[in-house]
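**Student:** Handing you a structure now.
The values are calculated or read from the model by the stated rules, or taken from the named source; none is laboratory data. Just so you know, these numbers come straight off a predicted model, no measurement behind them. Cβ atoms come from the backbone with ideal geometry, glycine included; neighbour counts cover every protein chain shown.
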Amino acid sequence: MPPKRRPRRHGPGRKPRTRRRARPKRPLWGARPLYEERDLARLTLAQEQARGNALEALSLMRSKRYSLRRAAKEVDLTPAAVRAWTGRSITKKGRRYVAHGADKLVRVMAVLTERGVQHVPIYDSRAASQLGAYHAAVREALRGNLDALRPFRRKHFRTGGKQGFPFITDLRVLKRLAHAGALPEYQIYGLRAS
């Protein structure tokens with residue numbers, strides 16, 4: 001029969017061992033909400049990708065009513081990282097985190113001009129949504145659905161800053177841009193403003 005173990009006694013000057021607490025996961029170094037274009041230039045590539053994913057999670061929370069945890073899981077981020085990148089665009093209501101209807105986070109998006117695609121900073125989420133709907137309508141119009149551009153005729157949009165752009169709805173101009181290669185299967189988000 002093995003001998004019984006006696007409890008360890010701590011001598012003078014010795015402290016009992018305590019278990020270390022696991023460190024909380026840090027969302028990402030440098031994660032903070034960005035409201036100005038000059039802050040975008042300071043981001044590393046990994047930070048740009050994480051911020052883009054956080055904005056996508058914010059969009060999922062608004063459009064599909066996802067919870068913060070589910071939206072963060074969809075874009076491979078932690079909920080803390082999404083909250084760090086989006087700032088006060090997500091607030092807690094009761095026990096649940098909720099996305100506000102609009103935000104002023106800066107995004108760089110592709111804008112169609114008569115000379116081609118120009119990457120411009122957009123300072124308002126509503127303008128970004130309007131521009132995204134326009135891009136989808138342009139794709140539909142180039143496939144043959146001419147009525148897709150009707151809501152955008154004779155209209156302009158503002159970037160949330162000082163710039164404003166007209167929506168190009170002339171199909172001849174859009175086809176000319178497409179044949180010139182200025183309308184590739186383009187991404188609506190750009191990395192840097194041009």
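**Student:** Does GLY161 qualify as being assigned to a loop (DSSP other than H, G, I, E, B), in contact (Cβ under 8 Å) with a residue 12 or more places away in the chain and closer than 26 Å to GLY52 by Cα?
**Tutor:** Answer is yes for this residue.
**Student:** Search the range 168-194 for residues that are modelled with pLDDT of 80 or more and pair each with any residue that is assigned to a loop (DSSP other than H, G, I, E, B) when their beta-carbon atoms are under 7 Å apart and the residues are at least 6 apart or on different chains.
**Tutor:** ILE168/GLU114; THR169/ARG153; VAL173/GLU114; LEU174/ILE168; LEU177/LEU183
**Student:** Quick one: is SER67 outside the structural domain of GLY164 (by TED's automatic domain parsing), surrounded by fewer than 15 Cβ atoms within 10 Å (Cβ to Cβ), of a type outside the set (Lys, Arg) and more than 30 Å from GLY181 (Cβ to Cβ)?
**Tutor:** Answer is yes for this residue.
**Student:** May I pose another question? Can you name the residue in the range 152-176 that is in contact with a strand residue (DSSP E or B) (Cβ under 9 Å, 6 or more places away or on another chain) and exposed (fewer than 13 other Cβ atoms within 10 Å of the Cβ) and is also farthest from GLN130 (Cα to Cα) among such residues?
**Tutor:** If we take residues in the range 152-176 being in contact with a strand residue (DSSP E or B) (Cβ under 9 Å, 6 or more places away or on another chain) and exposed (fewer than 13 other Cβ atoms within 10 Å of the Cβ), then ARG154 is farthest from GLN130 (Cα to Cα).
**Student:** For GLN47, all conditions in the list (1) touching a strand residue (DSSP E or B) at 6+ places or on another chain (Cβ under 8 Å); (2) assigned to a helix (DSSP H, G or I); (3) farther than 27 Å from PHE165 by Cβ hold save one; what is the number of the exception?
**Tutor:** Here GLN47 meets the rest and fails (1).
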